[in-house]
Amino acid sequence: MKNLEIYIHIPFCASKCGYCDFLSAPAGRDVQDKYVRALEREIQGRAEAYAGFEVTTVFIGGGTPSLLEPGHIERIMDTLGRCYRVLPGAEISMEVNPGTADRNAVRRYYKAGINRLSLGVQSSWDVELKALGRIHTWRQFLDAYDGAVAAGFSRINVDLMSGLPGQTSVSYEATLRKVAELVPGPEHISAYSLILEEGTDFARRYEAGELKLPDEETERTLYGLTERVLREYGYRRYEISNYAKEGGECRHNVGYWTRENYLGFGIGAASLINNVRFQNGRDLSSYLEAPLGQREPSNPLSMAEQMEEFMFLGLRLTAGVCAGAFYEVFQRKLEEVYGEVIDRHMALGLLACQDRNGEKYLYLTERGLDVANWVMADFLEPSIL
Ligand code: SF4
């Protein structure tokens, strides 16, 4: 039996946040209901092809999955459980927007088998939330958090963002501390920097000079604050933008970074199965009509592409990549393929090597993590001739 991670995309939101380029949009109850029925057909229709897999994690993301009726989530979970071999200890996460999480709904998610919630609060300041176009306040987040704990959730992630309009190092540090001081504390915190994505309202307003963002120096300060403050509260950075208490890492996302097989359901959902990448089409009406007929052509990865991904994704983890695992997958020594790149970045103090339990690991140093994209770009052309 092979391991399988499942991702389910819910492409609906109450309204569109100004910075967001995810595949999501507002939709009425009727469309939501049709979408869930289409999802059920897709989940069921693909089951036979994955009979040889055991599901280790499920992630219901979006969009705003908590915008659906709790009954929809129950139906999705029921279909998954009937059609796939979901392991008893599987991690089953769902994203919840604090503006759409009532206590009764959260209790029903828990009863339906969801065992990890991801709450996107982004900031503890209502003025910053408003500038982002978020539909909730900090108080609503606190209520959603209490509701999740009361429902029985012990595994909770909180999403934060830095580099927001009007954000200062003082306001960001207060956000970090307020989240880390929640009782009981969340086991996981994701902290991403705001990125201006092409085509978003933020990008348009920024170009028109209507949106002011923190300058580069403030951004560097905010970036540095995340690790320093969260460490004080016992959170360990295990990925460029992700922090967890001991044992609280998100197994689903670690699976992405270590290239586990994953299968996506819903519009735009991507998959990686046995080194073949494929993706569902992004058009909602076509999906509602024929959910099983929307896969775009698959793309078997060449050996060089697999190596690039192994390095590019693996180096995101602070544990780094294991040289032995590289050899096991590719039957090539890491230094034979990437020796020159490794030596160069080690000389610059951006990469380091360590022996752990008899295995050699290559990882980004603190300084390397700061310029991770620049370092990782050098792993894009393996010398495998
Ligand atoms: S709630 Fe999330 S997915 Fe929806 S528009 Fe806002 S950022 Fe995007």
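If the condition is being crowded, with 23+ Cβ neighbours inside 10 Å and either closer than 27 Å to Arg29 by Cα or within 16 Å of the ligand (Cβ to nearest atom) (or both), then the range 44-59 contributes Val58, Phe59. Any residue in the range 163-181 that is within 16 Å of the ligand (Cβ to nearest atom) and out of contact with any Lys or Arg (no Cβ under 8 Å at 6 or more places or on another chain)? Checking the range 163-181: at least one residue is within 16 Å of the ligand (Cβ to nearest atom) and out of contact with any Lys or Arg (no Cβ under 8 Å at 6 or more places or on another chain). Looking at (1) crowded, with 17+ Cβ neighbours inside 10 Å; (2) modelled with pLDDT of 95 or more, can you tell me which one Phe379 breaks? All conditions pass for Phe379, except number (2). If you take the residues of the range 1-21 that are closer than 30 Å to Asn275 by Cβ and surrounded by 17 or more Cβ atoms within 10 Å (Cβ to Cβ), which of them is farthest from the ligand (Cβ to nearest atom)? Step by step, filter the range 1-21, then rank; the result is Leu4.
Here Pro186 fulfils each of the conditions (1) away from the ligand (no atom under 15 Å from the Cβ); (2) out of contact with any strand residue (DSSP E or B) (no Cβ under 7 Å at 6 or more places or on another chain); (3) not basic (Lys, Arg) apart from (2).
On inspection, Glu128 qualifies as over 28 Å from Gly52 (Cα atoms) and either part of a loop (DSSP other than H, G, I, E, B) or in the same structural domain as Leu23 (by TED's automatic domain parsing) (or both).
Of Leu182, Leu160, Leu222, which residue is under 20 Å from the mean Cα position of the chain (by Cα), hydrophobic (A, V, I, L, M, F, W, C) and closer than 26 Å to Leu142 by Cα?
Going through Leu182, Leu160, Leu222 in turn, the sole match is Leu160.
Scanning the range 331-385 for residues that are among the hydrophobic types (A, V, I, L, M, F, W, C), closer than 16 Å to Glu239 by Cα and touching a residue at least 24 places away in the same chain (Cβ under 8 Å) yields Leu350, Leu351, Leu362, Leu364, Leu369, Ala372, Val375, Met376. Cβ separations smaller than 7 Å between residues 6+ apart or across chains give the following pairs from the range 231-252 residues that are over 18 Å from Leu313 (Cα atoms) to residues that are surrounded by fewer than 16 Cβ atoms within 10 Å (Cβ to Cβ): Ala244/Arg236; Lys245/Gly234. Within the range 60-77, the set of residues being in a helix (DSSP H, G or I) and either closer than 15 Å to Ile267 by Cβ or within 16 Å of the ligand (Cβ to nearest atom) (or both) comprises Pro65, Ser66, Leu67, Ile76. Within the option set Lys16, Lys34, being more than 21 Å from the chain's Cα centre (by Cα) and over 30 Å from Met1 (Cα atoms) holds for one residue only, Lys34. Going through (1) surrounded by 17 or more Cβ atoms within 10 Å (Cβ to Cβ); (2) of a type outside the set (Phe, Trp, Tyr); (3) out of contact with any Phe, Trp or Tyr (no Cβ under 7 Å at 6 or more places or on another chain) one by one, Leu222 falls short only on (3).
Mind checking which residues of the range 83-104 are surrounded by 18 or more Cβ atoms within 10 Å (Cβ to Cβ) and either of a type in the set (D, E, K, R) or within 16 Å of the ligand (Cβ to nearest atom) (or both)? Across the range 83-104, the qualifying residues are Glu91, Ser93, Met94, Glu95, Val96, Asn97, Pro98, Gly99, Thr100, Ala101. Ala150 meets all of the listed conditions (1) away from the ligand (no atom under 14 Å from the Cβ); (2) surrounded by 16 or more Cβ atoms within 10 Å (Cβ to Cβ) but one, namely (2). Ser123 meets the conditions (1) farther than 18 Å from Gly147 by Cα; (2) more than 16 Å from the ligand (Cβ to nearest atom); (3) of a type in the set (S, T, N, Q) in every case but one. The failed one is (2). Of the helices (runs of 4 or more DSSP H) lying entirely inside the range 244-335, those carrying at least 2 residues that are of a type outside the set (A, V, I, L, M, F, W, C) and over 30 Å from Ala180 (Cβ atoms) are 284-289, 303-314, 323-330.
The values are calculated or read from the model by the stated rules, or taken from the named source; none is laboratory data. Predicted, not measured: the structure shown is a model, and the values here were computed from it. Don't worry about glycine lacking a Cβ; one is built from the backbone with ideal geometry, like all the others, and counts go over all protein chains shown.
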